[in-house]
1. As a test, work out the antiparallel percent of DSSP beta bridges whose residues both lie in segment 207-326, rounded to the nearest 5.
2. Order these by the 10 Å Cβ neighbour count, fewest first: 197, 97.
3. Tell me, 209, 313 in order of fewest to most beta-carbon neighbours within 10 Å?
4. Over the chain, what is the relative contact order in whole percent, taking alpha-carbon pairs under 8 Å and six or more residues apart?
5. With the chain treated as a Gaussian network of Cα nodes joined by springs under 10 Å, which of 74, 125, 279 yields the largest mean-square fluctuation?
6. Order these peptides, 110-120, 136-146, by their mean beta-carbon neighbour count within 10 angstrom, highest first.
7. Please check: in the Gaussian network model of the chain (C-alpha springs, under 10 Å), which one of 336, 248, 364 has the largest mean-square fluctuation.
8. Ranking 412, 309 by Cβ neighbours within 10 Å, fewest first, what do you get?
Amino acid sequence: MKYFRSLAYLGAFAVAAFADDSLLTRREVSQALRWLETSHEKTVASQIRITEISSPTFHEGDKANYMAGEFRRLGLADVSIDKVGNVLGWRKGSSDDTFVIAAHTDISFAVGVDTKVRREGDRLLAPGIGDDSRGLAAQLAIIEALNDANITTRHTVLFVANVGEEGLGDLNGVRYLFNESAFKSRLKAFISIDGSDPSRIVTGGTGVKRYRVTLKGPGGHSYGNFGRPSPIHAAARAIDRIADMEAPLKPKTTFNVGRIEGGTAVNAIAEECAFEVDLRSVDPGNLDRIEAKLFEAVRLGVGDENKARAASKATLTFDMKLVSNRPAGETPHSSPLVLSAQWASTATGHKPGFDFSSTDSNIPISLGIPAVTMGGGGSSGNAHSLAEWYSPAQAWKGPQTVLLTLLDFDSRRP
């Protein structure tokens with residue numbers, strides 16, 4: 001698979017051949033777009049309320065209940081929270097073919113993080129303010145705009161506030177939706193609203209594998225039992241080898257040791273140590289190759305520590321557990337959904353470009369279902385940090401772009 005990131009356009013002819021600008025002149029479409037712009041402050045206020053409901057991965061219940069209440073308030077049908085925690089709300093179309101618009105409820109922080117929103121100039125600051133509270137607020141705004149303009153669609157539209165996008169959530173919310181839900185066969189297209197920039201259309205799913213490596217040994221006193229192998233020393237040897245692994249720049253392939261834990265005291269040889277590794281590539285073959293290098297680095301690191309402490313007749317053991325596996329793939333740029341997204345981004349005044357990332361879209365893409373991830377509007381930065389910020393300048397263009405993508409795709413399909 002070719003790694004692709006650029007403002008690469010499909011060309012005026014290709015877009016014109018698919019999209020009909022007369023969509024923009026339809027009274028009800030103009031009314032919906034106008035509603036999104038004039039209700040901008042209302043949407044930002046909704047975004048703040050959503051942000052302040054803390055929802056770390058695996059602890060999304062309070063936010064799920066809030067979103068379910070909002071779905072009901074806005075008149076979606078059959079609102080429910082499924083077995084994994086996704087909030088579902090249906091807007092019936094003339095067909096059972098279903099277009100999914102999703103945004104994730106979880107944030108990439110530990111339980112107890114302070115999510116109170118504060119203002120600094122034109123910026124809003126709080127963990128999760130952009131990722132993905134903006135997506136959830138944009139989703140609600142789109143529902144309300146559709147209702148205000150009394151727009152009907154051929155596709156049934158399923159709005160989903162899903163769990164498990166961040167970290168070790170492993171895309172479990174969307175994974176369940178497409179692999180196990182009772183209506184999985186009806187799902188024909190997917191947009192995840194994630195990030196902010198409406199010009200950025202994520203068509204490619206970066207593959208991700210994450211491992212938790214656990215090393216164990218007899219432990220002991222740092223002085224009295226000196227010479228026994230140490231899980232922490234072995235981890236250090238392994239991580240040193242990991243740091244020296246070669247990874248290609250194109251297709252982009254990366255690795256990172258993100259967490260280390262273990263030991264009980266400064267004067268004790270640890271009985272256990274664990275570390276977590278994140279591997280990524282847009283190319284499945286490269287992901288497999290960097291994974292093999294990881295296995296080798298851990299095996300050799302533990303072997304080096306055991307060999308160095310062989311006189312003690314004690315040995316270390318290790319275990320490697322795959323804790324996250326996000327499949328790689330790409331929605332072709334010639335796909336009707338991608339053409340609709342590109343046209344919609346252009347129609348709202350942007351210069352659309354394609355990108356790869358690891359998002360909820362990875363799952364439908366891997367199943368051959370057209371999917372893209374699109375921004376919720378405004379601008380943002382420092383995601384996954386306590387200094388995360390969001391600027392709402394012209395943010396209404398995000399939900400406008402998603403809405404136009406839905407309507408263009410819906411109107412062009414037989």
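Just so it is clear, none of the values below were taken in a lab; they were calculated from the coordinates. Please read all numbers here as calculations on a predicted model, not as lab measurements. Glycine also receives a Cβ, built like all others from the backbone with ideal geometry; neighbour counts cover every protein chain displayed.
1. On the way: 30 of 31 bridges.
Counting only bridges with both partners in segment 207-326, antiparallel ones make up about 95 percent.
2. Numbers: 197 21, 97 15.
Ascending Cβ contact count within 10 Å gives the list 97, 197.
3. Working: 209 21, 313 8.
Fewest-to-most ranking of 209, 313: 313, 209.
4. Once normalised by length, the contact order is 24 percent.
5. For the chain, modelled as a Gaussian network with Cα springs under 10 Å, the answer is 74.
6. Values: 110-120: 11.8, 136-146: 26.5.
The peptides rank, most packed first, as 136-146, 110-120.
7. Comparing 336, 248, 364 in a Gaussian network model of the chain, the most mobile one is 248.
8. Working: 412 15, 309 21.
So the ranking, lowest neighbour count to highest, is 412, 309.
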